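Take a look at the structure below.
Computed from the coordinates by the stated procedures, all read-outs in this text should not be read as laboratory data. The structure presented is a predicted model; accordingly, all values stated were derived computationally and were not measured. All Cβ positions, glycine included, derive from the backbone under ideal geometry; neighbour counts span all protein chains shown.
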Amino acid sequence: MSQPPEAEASQHAQSLAGARALLDRVSLIDGHNDLPYVVWMHPEARGDARRWDAARLHPETDTDIPRLREGKVGTQVFTAFIPTMVDDPLRARLEVIDIMLQLEQLHPDVFLPVLAPDDIEAAKKTGRIGLLKAVEGLVGVDRVGHLRLFHAMGIRIITLCHNETLPFIDSATDRPGKQPFSAFGAEIIAEMERLGLIIDLAHVSADGQRAVLDVAKGPVIISHANARALCDHPRNVPDDIIKAIADGGGIVMPTFVPVFLQQNIYDRMKPIMDGMGKMKEGLDKAAYKEAKKAAFALFERDGIELICDHLEHMRNIAGADALGIGSDFYGGPNPPGLEDATRFPYLFAALIRRGWNTGELEKLAGGNFERVWRAVYRPAPAMKA
């Protein structure tokens, strides 16, 4: 039996107040956001963060400083993504990493560089947002020395591939290579572990994920993916892998991207999104707009309720210790209820109404992520002889 409107409104207000109080106290860590790529591709900014001005509200997008503040983000993982088929991928990657460095330099009162786990709490205590840098997809990387370069530039998370299979690892959304995970891939994993980099298996094929789990010595993450049992998208994670990652002490971080939330939305968007992330010029904007409009008409419920379903499915099979949040803002159109970075408290409020306890919510917000990072972190490792 449904509640009277007044009682439901009161319950929503109380849960939202509780969520905001929780996120005032603990560090909310969002595990994936592509803002640096957006600044790199912006026709006017063209990689100049000063021109883009993150301090200004950008109503045409979903992430900027005002909305990160309103959304109570404690530490934001920004990723240096580049398309697979871009010319000179290493140069392009350095340009996108530089945008993150620009954000830190232009807004020192807002962003604190996060280079070690203790920096998460330091950002919270000083009223700043931690900026944790990631690389998404090792396009153009053909030697482990590139990983040392990324680490020296402040990168602390590496997603092995994006939407296209690379010579050493199979992507979930491309044809498989000769083997899902090569000997060079094993060298990459070993060097990441030596450097204390977080291994991110988002975008990796299921067989590739299993192969990495066989050789990884510590916990790994999947920074932005949902449960395949609820939405049969190849980017989503099968139950056996969710459980295996949890058994190794790692986490899976559900994401807000609509095609990973609801099956018929994925089915409708698939033809237009198959090439996403491969070409520098991106999607056919007119076709994308038309497909998005048609797909959004298929939403059966508020996006927050859908992401809660994925979170609860994962909690049921792997436990509350296996979860985080990875919005992937700018990774796709955003569902109703999760339109931009202001909406994190509303997600936590919905989980409060579903009966999640304080300990579970603290782990989801960032406690689990911080635990994984402390397990793999290595302070300034020396060069191998």
As a footprinting exposure proxy, order Cys308, Cys161, Cys231 by other Cβ within 10 Å, with the fewest listed first. Cys308, Cys231, Cys161
If we sort 291-300, 108-117 on the protection proxy, mean other Cβ atoms within 10 Å, highest first, what's the order? 108-117, 291-300
Based on the alpha-carbon gyration tensor of the stretch 314-353 and its eigenvalue square roots a ≥ b ≥ c, which shape applies: rounded if a/c is under 1.5, prolate if not and a/b is larger than b/c, or oblate? oblate
Summing +1 per Lys or Arg and -1 per Asp or Glu among the other residues with Cβ less than 13 Å from Asn334's Cβ gives -4
Just to verify a number: FRET efficiency for Lys217 and Ala13, C-beta to C-beta distance, R0 = 35 Å, to 0.05? 0.15
Nitroxide proxy distance, nm - points 7 Å out along Cα→Cβ at Phe184 and Leu57: 4.9
Please find, in a Gaussian network model of the chain (springs between Cα atoms separated by less than 10 Å), the residue of Leu68, Leu261, Leu106 whose mean-square fluctuation is greatest. Leu106
Nearest-0.05 FRET efficiency for Glu44 and Asp109, computed from C-beta distance (R0 30 Å): 0.75
Rounded to the nearest 20 debye, dipole of the stretch 159-284 from Cβ charges on Lys, Arg, Asp, Glu: 80
State the extension gain, in nm to one decimal, for the chain segment bounded by Glu300 and Ala122, taking 0.36 nm per residue of separation less the distance between their alpha-carbons. 60.0 nm
To the nearest 0.05, how large is the calculated FRET efficiency for Ala286 and Met153 if R₀ is 45 Å and r is the Cβ-Cβ distance? 0.75
